1. Being under 20 Å from the mean Cα position of the chain (by Cα) and away from the ligand (no atom under 15 Å from the Cβ) is the filter; apply it to region 73-97 and report the residue that is nearest to residue 180 (Cα to Cα).
2. Quick one: would you say residue 3 is buried (at least 19 other Cβ atoms within 10 Å of the Cβ), farther than 23 Å from residue 184 by Cα and more than 14 Å from the ligand (Cβ to nearest atom)?
3. Name the residues in region 43-61 that are more than 19 Å from the chain's Cα centre (by Cα) and assigned to a helix (DSSP H, G or I), would you?
4. Checking residue 213 against (1) under 19 Å from residue 79 (Cβ atoms); (2) surrounded by 18 or more Cβ atoms within 10 Å (Cβ to Cβ), only one condition comes out false. Which one?
5. Take the conditions without any contact (Cβ under 8 Å) to a residue 40 or more places away in the chain and either over 15 Å from residue 213 (Cα atoms) or within 12 Å of the ligand (Cβ to nearest atom) (or both) and apply them to residue 8. Does it pass?
6. Of all the residues that make up region 190-219, how many are outside any helix (DSSP H, G or I) and of a type in the set (S, T, N, Q)?
7. Output the number of residues of region 29-42 satisfying the condition of being touching a Phe, Trp or Tyr at 6+ places or on another chain (Cβ under 6 Å) and assigned to a strand (DSSP E or B).
Amino acid sequence: TNFIALIPAAGSGSRVGERAPKQYLPLAGKMMIYHALRTLCRVRRISKVCVVLAPEDGEWVQHDWSEFAGKIQTFPCGGLTRAESVTNGLKALMAAGQAADEDWILVHDAARPGLSVNLTERLLDELAEDEVGGLLAIPLADTLKRATSHARVARTESRDGLWQAQTPQMFRAGLLLSALEQAPAEITDDASAIEALGLSPKLVLGDSYNFKVTYPQDLALAELILRERMT
Ligand code: C5P
(Lines give C-alpha, C1' and ligand atoms only; values in the text may rest on other atoms or scores of the structure.)
Protein backbone atom coordinates (compact mmCIF):
# COMPACT_ATOMS: atom_id res chain seq x y z
CA THR A 1 0.00 0.00 0.00
CA ASN A 2 1.09 3.52 -0.82
CA PHE A 3 0.77 6.68 1.23
CA ILE A 4 -0.47 9.57 -0.92
CA ALA A 5 -1.04 13.11 0.33
CA LEU A 6 -3.87 15.18 -1.12
CA ILE A 7 -4.08 18.93 -0.55
CA PRO A 8 -7.40 20.60 -1.38
CA ALA A 9 -6.26 24.09 -2.41
CA ALA A 10 -9.28 25.40 -4.26
CA GLY A 11 -10.71 27.66 -1.56
CA SER A 12 -11.11 31.40 -1.83
CA GLY A 13 -9.89 32.49 1.60
CA SER A 14 -12.66 34.98 2.23
CA ARG A 15 -12.44 34.75 6.02
CA VAL A 16 -8.77 35.62 6.10
CA GLY A 17 -9.85 38.93 4.56
CA GLU A 18 -7.82 38.83 1.37
CA ARG A 19 -8.88 38.72 -2.24
CA ALA A 20 -6.22 36.19 -3.23
CA PRO A 21 -6.87 32.56 -2.25
CA LYS A 22 -5.23 32.17 1.12
CA GLN A 23 -2.90 29.36 0.08
CA TYR A 24 -1.06 31.96 -2.02
CA LEU A 25 -0.60 34.56 0.71
CA PRO A 26 3.06 35.29 1.50
CA LEU A 27 4.39 33.49 4.54
CA ALA A 28 8.01 33.39 5.70
CA GLY A 29 9.37 34.25 2.26
CA LYS A 30 7.23 31.69 0.43
CA MET A 31 3.53 31.18 -0.21
CA MET A 32 1.38 29.55 2.43
CA ILE A 33 0.87 26.31 0.51
CA TYR A 34 4.64 25.89 0.07
CA HIS A 35 5.09 25.01 3.73
CA ALA A 36 2.67 22.07 3.87
CA LEU A 37 4.01 20.85 0.53
CA ARG A 38 7.58 20.96 1.82
CA THR A 39 6.68 19.01 4.94
CA LEU A 40 4.69 16.34 3.12
CA CYS A 41 7.37 15.93 0.43
CA ARG A 42 9.96 15.36 3.18
CA VAL A 43 8.09 12.41 4.66
CA ARG A 44 9.87 9.41 3.13
CA ARG A 45 6.90 7.04 3.25
CA ILE A 46 4.68 9.46 1.29
CA SER A 47 5.16 8.61 -2.38
CA LYS A 48 3.16 11.40 -3.93
CA VAL A 49 1.62 14.76 -3.02
CA CYS A 50 -1.44 15.78 -5.07
CA VAL A 51 -2.63 19.37 -5.12
CA VAL A 52 -6.25 20.03 -6.10
CA LEU A 53 -6.56 23.49 -7.65
CA ALA A 54 -9.57 25.51 -8.72
CA PRO A 55 -10.09 25.13 -12.49
CA GLU A 56 -9.74 28.92 -12.83
CA ASP A 57 -6.52 29.06 -10.76
CA GLY A 58 -4.00 31.28 -12.54
CA GLU A 59 -1.47 31.57 -9.74
CA TRP A 60 0.05 28.10 -9.35
CA VAL A 61 1.69 27.99 -12.79
CA GLN A 62 3.41 31.32 -12.22
CA HIS A 63 5.70 29.85 -9.58
CA ASP A 64 8.62 27.48 -9.61
CA TRP A 65 7.85 24.17 -7.93
CA SER A 66 10.83 22.29 -9.35
CA GLU A 67 12.26 21.60 -5.90
CA PHE A 68 9.35 19.18 -5.43
CA ALA A 69 9.55 17.69 -8.94
CA GLY A 70 8.88 13.98 -9.09
CA LYS A 71 6.77 14.06 -5.94
CA ILE A 72 3.99 16.54 -6.61
CA GLN A 73 1.21 16.55 -9.12
CA THR A 74 -1.61 19.04 -9.70
CA PHE A 75 -5.25 18.36 -10.50
CA PRO A 76 -7.25 21.40 -11.67
CA CYS A 77 -10.55 19.89 -10.57
CA GLY A 78 -11.47 21.78 -7.38
CA GLY A 79 -15.17 22.05 -6.54
CA LEU A 80 -17.49 24.44 -4.75
CA THR A 81 -16.82 22.94 -1.32
CA ARG A 82 -13.79 21.39 0.31
CA ALA A 83 -15.47 17.97 0.25
CA GLU A 84 -16.12 18.34 -3.46
CA SER A 85 -12.50 19.28 -4.09
CA VAL A 86 -11.28 16.20 -2.19
CA THR A 87 -13.80 13.96 -3.99
CA ASN A 88 -12.80 15.26 -7.41
CA GLY A 89 -9.10 14.90 -6.67
CA LEU A 90 -9.53 11.37 -5.38
CA LYS A 91 -11.59 10.39 -8.43
CA ALA A 92 -8.94 11.80 -10.78
CA LEU A 93 -6.17 9.93 -8.94
CA MET A 94 -8.04 6.64 -9.03
CA ALA A 95 -9.18 7.03 -12.64
CA ALA A 96 -5.55 7.57 -13.65
CA GLY A 97 -4.60 4.35 -11.86
CA GLN A 98 -2.43 6.29 -9.43
CA ALA A 99 -4.26 5.23 -6.29
CA ALA A 100 -5.77 1.85 -5.49
CA ASP A 101 -8.67 1.24 -3.09
CA GLU A 102 -6.35 0.10 -0.30
CA ASP A 103 -3.83 2.95 -0.59
CA TRP A 104 -3.76 5.45 2.25
CA ILE A 105 -4.76 9.03 1.44
CA LEU A 106 -3.64 11.81 3.77
CA VAL A 107 -5.88 14.82 3.18
CA HIS A 108 -4.22 18.00 4.43
CA ASP A 109 -5.41 21.61 4.30
CA ALA A 110 -3.14 24.11 2.54
CA ALA A 111 -4.21 26.46 5.34
CA ARG A 112 -2.25 24.44 7.96
CA PRO A 113 1.32 25.46 7.12
CA GLY A 114 2.66 24.51 10.57
CA LEU A 115 2.49 20.75 10.05
CA SER A 116 5.86 19.15 10.83
CA VAL A 117 7.52 16.01 9.49
CA ASN A 118 7.56 14.47 12.98
CA LEU A 119 3.85 15.01 13.47
CA THR A 120 3.06 13.48 10.08
CA GLU A 121 5.26 10.48 10.95
CA ARG A 122 3.30 10.04 14.19
CA LEU A 123 0.05 9.86 12.24
CA LEU A 124 1.50 7.26 9.85
CA ASP A 125 2.94 5.19 12.70
CA GLU A 126 -0.32 5.13 14.62
CA LEU A 127 -2.64 4.41 11.70
CA ALA A 128 -0.73 2.27 9.20
CA GLU A 129 -2.24 -0.93 10.65
CA ASP A 130 -5.61 0.58 11.57
CA GLU A 131 -8.89 -0.78 10.29
CA VAL A 132 -10.60 2.59 9.85
CA GLY A 133 -7.98 5.36 9.73
CA GLY A 134 -8.10 8.63 11.63
CA LEU A 135 -6.90 12.16 12.09
CA LEU A 136 -4.70 14.49 14.05
CA ALA A 137 -6.59 16.31 16.80
CA ILE A 138 -5.94 18.07 20.10
CA PRO A 139 -8.01 18.12 23.29
CA LEU A 140 -9.82 21.45 23.74
CA ALA A 141 -8.01 23.91 25.99
CA ASP A 142 -10.59 26.69 26.27
CA THR A 143 -13.77 26.79 28.33
CA LEU A 144 -16.80 26.52 26.08
CA LYS A 145 -19.76 28.89 26.24
CA ARG A 146 -23.09 28.26 24.55
CA ALA A 147 -24.43 31.64 23.37
CA THR A 148 -27.91 33.06 23.21
CA SER A 149 -28.89 34.81 19.99
CA HIS A 150 -27.84 38.09 21.70
CA ALA A 151 -24.28 36.91 22.36
CA ARG A 152 -24.85 36.40 26.08
CA VAL A 153 -23.89 33.22 27.83
CA ALA A 154 -26.70 30.71 27.88
CA ARG A 155 -24.56 28.15 29.69
CA THR A 156 -21.08 26.69 30.00
CA GLU A 157 -20.59 23.42 28.17
CA SER A 158 -18.33 20.67 29.41
CA ARG A 159 -15.19 20.30 27.31
CA ASP A 160 -14.66 16.82 28.68
CA GLY A 161 -13.84 14.44 25.86
CA LEU A 162 -13.92 17.16 23.19
CA TRP A 163 -11.09 17.39 20.67
CA GLN A 164 -10.38 19.86 17.86
CA ALA A 165 -9.94 18.13 14.52
CA GLN A 166 -6.83 18.95 12.50
CA THR A 167 -5.40 17.55 9.30
CA PRO A 168 -3.92 15.37 7.86
CA GLN A 169 -6.87 13.01 8.03
CA MET A 170 -5.90 9.58 6.78
CA PHE A 171 -8.20 6.98 5.25
CA ARG A 172 -8.05 4.28 2.57
CA ALA A 173 -8.75 5.70 -0.89
CA GLY A 174 -11.69 3.43 -1.70
CA LEU A 175 -13.41 3.93 1.64
CA LEU A 176 -12.87 7.69 1.60
CA LEU A 177 -14.27 8.12 -1.89
CA SER A 178 -17.42 6.14 -1.20
CA ALA A 179 -17.86 7.94 2.13
CA LEU A 180 -17.56 11.36 0.50
CA GLU A 181 -19.96 10.43 -2.28
CA GLN A 182 -22.65 9.56 0.26
CA ALA A 183 -21.88 12.30 2.76
CA PRO A 184 -24.31 15.04 3.80
CA ALA A 185 -23.54 18.38 2.10
CA GLU A 186 -22.63 20.24 5.31
CA ILE A 187 -19.56 18.21 6.35
CA THR A 188 -16.41 20.25 6.99
CA ASP A 189 -13.84 17.47 7.18
CA ASP A 190 -13.16 14.02 5.77
CA ALA A 191 -13.56 12.17 9.05
CA SER A 192 -17.22 13.31 9.23
CA ALA A 193 -17.92 11.45 6.01
CA ILE A 194 -16.39 8.27 7.47
CA GLU A 195 -18.38 8.76 10.71
CA ALA A 196 -21.59 9.03 8.70
CA LEU A 197 -20.95 5.42 7.63
CA GLY A 198 -21.03 4.39 11.29
CA LEU A 199 -17.24 4.02 11.54
CA SER A 200 -15.09 5.55 14.27
CA PRO A 201 -11.85 7.23 13.14
CA LYS A 202 -8.90 7.20 15.56
CA LEU A 203 -7.80 10.47 17.19
CA VAL A 204 -4.01 10.87 17.05
CA LEU A 205 -2.53 13.63 19.21
CA GLY A 206 -1.63 16.63 17.05
CA ASP A 207 0.09 19.83 18.17
CA SER A 208 -0.91 23.47 18.28
CA TYR A 209 1.66 24.54 15.64
CA ASN A 210 -0.61 22.75 13.20
CA PHE A 211 -3.39 25.33 13.57
CA LYS A 212 -5.54 26.49 10.67
CA VAL A 213 -4.90 29.99 9.32
CA THR A 214 -8.43 31.37 9.23
CA TYR A 215 -8.41 35.01 10.38
CA PRO A 216 -5.97 37.83 9.47
CA GLN A 217 -4.23 37.70 12.85
CA ASP A 218 -3.45 34.00 12.37
CA LEU A 219 -1.02 35.01 9.63
CA ALA A 220 1.26 36.84 12.04
CA LEU A 221 1.55 33.80 14.30
CA ALA A 222 2.18 31.47 11.36
CA GLU A 223 4.86 33.88 10.13
CA LEU A 224 6.73 33.65 13.45
CA ILE A 225 6.60 29.87 13.55
CA LEU A 226 7.62 29.34 9.94
CA ARG A 227 10.32 31.98 9.81
CA GLU A 228 12.10 30.07 12.55
CA ARG A 229 11.60 26.73 10.82
CA MET A 230 12.92 28.03 7.48
CA THR A 231 16.26 29.18 8.90
O1 C5P B 1 -11.82 27.65 3.98
P2 C5P B 1 -11.23 26.54 4.78
O3 C5P B 1 -10.17 27.00 5.73
O4 C5P B 1 -12.22 25.66 5.44
O5 C5P B 1 -10.47 25.62 3.71
C6 C5P B 1 -9.82 24.44 4.08
C7 C5P B 1 -9.04 23.89 2.88
O8 C5P B 1 -9.97 23.44 1.87
C9 C5P B 1 -8.15 24.93 2.21
O10 C5P B 1 -6.91 24.30 1.91
C11 C5P B 1 -8.93 25.32 0.97
O12 C5P B 1 -8.11 25.71 -0.11
C13 C5P B 1 -9.65 24.02 0.63
N14 C5P B 1 -10.89 24.22 -0.17
C15 C5P B 1 -11.00 23.63 -1.43
N16 C5P B 1 -12.13 23.82 -2.20
C17 C5P B 1 -13.13 24.60 -1.75
C18 C5P B 1 -13.05 25.21 -0.47
C19 C5P B 1 -11.91 25.00 0.31
O20 C5P B 1 -10.07 22.93 -1.85
N21 C5P B 1 -14.20 24.77 -2.55
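The values are calculated or read from the model by the stated rules, or taken from the named source; none is laboratory data. Given the structure is predicted, the values throughout are model-derived calculations rather than measurements. Backbone-built Cβ (ideal geometry, glycine too); neighbour counts: all protein chains shown.
1. Taking region 73-97 first, the residues under 20 Å from the mean Cα position of the chain (by Cα) are 73-94.
Those still in the list that are away from the ligand (no atom under 15 Å from the Cβ) too: 73, 94.
Working: 73: 22, 94: 14 Å.
Ranking the qualifying residues of region 73-97, first place goes to 94.
2. Details: buried (at least 19 other Cβ atoms within 10 Å of the Cβ): yes; farther than 23 Å from residue 184 by Cα: yes; more than 14 Å from the ligand (Cβ to nearest atom): yes.
The answer is yes for residue 3.
3. Result: 61, single match.
4. (1)
5. On the way: without any contact (Cβ under 8 Å) to a residue 40 or more places away in the chain: no; either over 15 Å from residue 213 (Cα atoms) or within 12 Å of the ligand (Cβ to nearest atom) (or both): yes.
Answer is no for this residue.
6. Restricting attention to region 190-219, the residues satisfying the condition of being outside any helix (DSSP H, G or I) are 196-207, 211-215.
Okay, now just the ones that are also of a type in the set (S, T, N, Q), so 200, 214.
The qualifying residues number 2.
7. 1
Yes/no per residue for (1) more than 30 Å from residue 32 (Cα to Cα); (2) crowded, with 21+ Cβ neighbours inside 10 Å:
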site: 146; (1), (2): yes, no
site: 158; (1), (2): yes, no
site: 167; (1), (2): no, yes
site: 171; (1), (2): no, yes
site: 181; (1), (2): no, no
site: 187; (1), (2): no, no
site: 208; (1), (2): no, no
site: 227; (1), (2): no, no
